[in-house]
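I have placed the structure first, in the form of structure tokens, so that the comments after it can refer back to it.
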Amino acid sequence: MKVIYDSQTDTLTVILGDSAVTESDEDKPGVILDYDTSGNLVSLEILDASKRVGLPTQIEYQIVPNSL
């Protein structure tokens, strides 16, 4: 997984996999979802990120412990 914030375009992109994008949908205004040929989500893009995300330049990554 890769997260990219482009301050020049104010775009936050979360790339979930390496599959080629074959379809894109703007699910909500300013939120673009990209899918592969099997319909799996490949990436999402948030336009005007500084207005939609608290701190687009800050990431918190957390792994939840296995509860087994």
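The values are calculated or read from the model by the stated rules, or taken from the named source; none is laboratory data. Given the structure is predicted, the values throughout are model-derived calculations rather than measurements. Virtual Cβ from ideal backbone geometry, glycine too; neighbours counted across all protein chains shown.
A few points about this structure:
- Filtered residues of the range 32-54 (kept if part of a strand (DSSP E or B) and exposed (fewer than 15 other Cβ atoms within 10 Å of the Cβ)): LEU41
- Residues of the range 1-15 that are surrounded by fewer than 14 Cβ atoms within 10 Å (Cβ to Cβ) and not in a strand (DSSP E or B): MET1, SER7, GLN8, THR9.
- Residue within the range 31-46 that is out of contact with any strand residue (DSSP E or B) (no Cβ under 9 Å at 6 or more places or on another chain) and either modelled with pLDDT of 95 or more or of a type in the set (Ser, Thr, Tyr) (or both) present: yes
- ILE63 at pLDDT 95 or above and either part of a loop (DSSP other than H, G, I, E, B) or among the aliphatic types (A, V, I, L, M) (or both): no
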